[in-house]
Amino acid sequence: MNLELSVEDARWTDLELLSGRAIDAVLERFGIDSDICEISLLGCDDARIAELNAEFREKPSATNVLSWPAEDLAAEEAGQHPSLPSPDFTGEIALGDIAISYDTCAREAEAAGKSMDDHVTHLIIHAMLHLLGYDHIRDRDATLMESIEVEILGKMGIDDPYNG
């Protein structure tokens, strides 16, 4: 996998390891060859992610994770799996970009009584599913997306973040 990692906040000491494992687990779940995938990941703080959230979602506040898919793979009908990405003419799959905020992740992990590593792993999996066309706007889509997250996390030995 070609992971372009940019770390703007020095507290992200394990982001490369955590994101690599999470991304690999998602790609394996869908049978996508990780060797041909390209993903950009920004490890930042609340100030930076609030700027990005304001610019791209018109929400001038911090959030935990943002994602920008390279391609719209979303399913037309609620509860359906999106189309899988296919390689471009170079044989590579550009999946998109992810930004994750240390501050918000740390607050959420502490409030939920979860380890930072488990919470960040969950959020990277969540963002990867967005890059693959999954969403949680409609209830049936949210149920499908959450079930895949729980499945992948379970295979990684991480408890269901929605029941705990």
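Given 117, 97, which one is of a type outside the set (A, V, I, L, M), closer than 20 Å to residue 35 by Cα and at pLDDT 95 or above? Of the residues listed, the single one that is of a type outside the set (A, V, I, L, M), closer than 20 Å to residue 35 by Cα and at pLDDT 95 or above is 97.
Only one of the numbered conditions (1) of a type outside the set (Asp, Glu); (2) over 22 Å from residue 155 (Cβ atoms); (3) in contact with a His (Cβ under 8 Å, 6 or more places away or on another chain) is violated by residue 105, and that is (2).
Kindly indicate the residue of the stretch 84-119 that is part of a helix (DSSP H, G or I) and charged (D, E, K, R) and also surrounded by the fewest Cβ atoms within 10 Å (Cβ to Cβ) among those meeting that condition.
Result: 110.
Please find, within the stretch 137-151, the residue that is surrounded by the fewest Cβ atoms within 10 Å (Cβ to Cβ) out of those that are more than 13 Å from the chain's Cα centre (by Cα) and free of Cβ contacts under 8 Å to residues at least 40 places away in the same chain. Of everything passing the filter in the stretch 137-151, 137 is surrounded by the fewest Cβ atoms within 10 Å (Cβ to Cβ).
Residue check: is residue 127 surrounded by 18 or more Cβ atoms within 10 Å (Cβ to Cβ), in contact with a strand residue (DSSP E or B) (Cβ under 9 Å, 6 or more places away or on another chain), aliphatic (A, V, I, L, M) and not in a helix (DSSP H, G or I)? In short, no.
For residue 101, state whether it is free of Cβ contacts under 8 Å to residues at least 12 places away in the same chain and small (Gly, Ala, Ser). No.
Entry remark, the stretch 28-83: residues being within 17 Å of the chain's Cα centre (by Cα) and either within 20 Å of residue 17 (Cβ to Cβ) or part of a strand (DSSP E or B) (or both) number 18 in total.
The values are calculated or read from the model by the stated rules, or taken from the named source; none is laboratory data. On a predicted model such as this, the values are computed, not experimentally measured, just so you know. As a convention, Cβ positions derive from the backbone with ideal geometry for all residues, glycine included, and neighbour counts pool all protein chains shown.
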